[in-house]
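Q: Quick one: the structure is below, and I'll ask about it shortly.
What follows is calculated from the coordinates using simple rules that are stated; it is not laboratory data. This one's a predicted model, so the numbers in the text were calculated from it and none came from an experiment. Counting neighbours? That spans all protein chains shown, and the Cβs are built from the backbone with ideal geometry, glycine included.
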Amino acid sequence: MRSVNSVRETLQCVALNPPTVTIRLLEGAPAEMRELQRVIEEAPVYAHRITGVPPGRADAQSTYTALPDGKSYADKFVFAISREGEMVGCADLIRGHPDAATALLGLLLVSERHRREGIGSRAYALLEQYIRDWRTCHRVRIGVVRSNAEVIPFWTRLGFEPTGELKPYRYGPVASETVVFQKNLPGTP
Ligand SMILES: CC(C)(COP(=O)(O)OP(=O)(O)OC[C@H]1O[C@@H](n2cnc3c(N)ncnc32)[C@H](O)[C@@H]1OP(=O)(O)O)[C@@H](O)C(=O)NCCC(=O)NCCS
C-alpha cells in the first residue's frame, strides 16, 4: 500500500506539472479536417444542447467554413487545441466582428474525455494572446446559447461579463436564446 507521503507527492506532481496545451491554426488539409471532425464528435452533449441531435458528419466542414455576413476568410481563424501534442479541442475566431475592435470567439470546444483538466482555460489564454497580437481588437465577444448555460461559470471565471444583449436562437427542435458576453482586454489600443 502506498504511504500518505507518496500519495501527497503524486498529487503535488500533478499540480506542479499541468499538461502542455498549445493552439495551432488549421489550414484545411484533409487530415486536419478529420481530426477536427473527431474532436467535435467527442463533444456530443454540446451538439445535443445546441442542435437537438448528435454531431453531424459535416460539422468540421461547417465549423471551418461558417462566416458571419459581411466577413471574409481573411478574418476567420480555426484552431486545433492540443494536449501534449494530441488534438483534444478546437476554437473558431473571427477578427473584427461585429465591429473592428471586437473579436468574436464563435466556438471553444474541448473533447468530453478531457474536461475539467484546465485545457479550456489555458487554450483561451493562448487565444486571447493571439487576439492581442493583432493589435486591432480590444474586446472579445461570445454568445452562449441558454440551453448550454452550464458553461457560463467557465466564461465568468475568465473575466467575461454579460452585455445584456439577448438574441432568439432556433436550431431544429432547440428554441432558446443566445446570451452575449464580452471581455475587455486591458492594455490593448
Ligand atoms: C466550456 C469548455 C470549453 C470548458 O473546457 P474545460 O477544459 O473543461 O474547462 P477548464 O477545465 O479550463 O475549466 C476551468 C474552470 O471553469 C469552470 N467550469 C468549466 N466547465 C464548467 C462547467 N461545465 N460547469 C461549471 N463550471 C465549469 C470551473 O470553475 C473550472 O475550474 P475547476 O475545474 O477547477 O472547477 C468545455 O466544457 C466545452 O468544450 N464545452 C462544450 C462546448 C461549449 O459549450 N463551448 C462554449 C460555447 S459558448
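Q: Can you tell me which residue among Arg95, Arg83 is farther than 27 Å from Val174 by Cβ, crowded, with 18+ Cβ neighbours inside 10 Å and touching a Cys at 6+ places or on another chain (Cβ under 7 Å)?
A: Numbers: Arg83 fails: touching a Cys at 6+ places or on another chain (Cβ under 7 Å).
Every option except Arg95 fails the conditions.
Q: Another one. Condition first: assigned to a helix (DSSP H, G or I) and buried (at least 16 other Cβ atoms within 10 Å of the Cβ). Can you find one or more residues in region 155-176 that meet it?
A: Checked against the condition, which is being assigned to a helix (DSSP H, G or I) and buried (at least 16 other Cβ atoms within 10 Å of the Cβ), region 155-176 yields at least one hit.
Q: OK, next. Surrounded by fewer than 18 Cβ atoms within 10 Å (Cβ to Cβ), within 13 Å of the ligand (Cβ to nearest atom) and more than 22 Å from Glu27 (Cα to Cα), is that true of Arg139? First the steps, then the outcome.
A: Values: surrounded by fewer than 18 Cβ atoms within 10 Å (Cβ to Cβ): yes; within 13 Å of the ligand (Cβ to nearest atom): no; more than 22 Å from Glu27 (Cα to Cα): yes.
Criteria not met by Arg139.
Q: Here is a follow-up. Which members of region 125-179 meet the condition of being basic (Lys, Arg) and closer than 16 Å to Phe77 by Cβ?
A: If we filter region 125-179 for residues that are basic (Lys, Arg), which is where we start, we get 132, 135, 139, 141, 146, 157, 167, 170.
Listed by number, the residues that qualify are Arg132, Arg135, Arg141.
Q: Shifting gears a bit: Under 6 Å between Cβ atoms, which residue pairs at least 6 apart in sequence (or on different chains) link something in region 93-119 that is under 15 Å from Leu185 (Cα atoms) with a partner that is within 6 Å of the ligand (Cβ to nearest atom) and part of a strand (DSSP E or B)?
A: Leu105/Ile142
Q: Hey, any hits in region 148-164 for a residue that's in contact with a Leu (Cβ under 8 Å, 6 or more places away or on another chain), within 7 Å of the ligand (Cβ to nearest atom) and within 22 Å of Gly56 (Cα to Cα)?
A: The answer is no, given that none of the residues of region 148-164 is in contact with a Leu (Cβ under 8 Å, 6 or more places away or on another chain), within 7 Å of the ligand (Cβ to nearest atom) and within 22 Å of Gly56 (Cα to Cα).
Q: Can you report the number of residues in region 55-71 which are loosely packed, with under 14 Cβ neighbours inside 10 Å and touching a helix residue (DSSP H, G or I) at 6+ places or on another chain (Cβ under 6 Å)?
A: Adding up the residues that qualify gives 0.
Q: Quick one: would you say Tyr130 is more than 13 Å from the ligand (Cβ to nearest atom), within 16 Å of Cys90 (Cβ to Cβ) and under 14 Å from the mean Cα position of the chain (by Cα)?
A: So Tyr130 passes the test.
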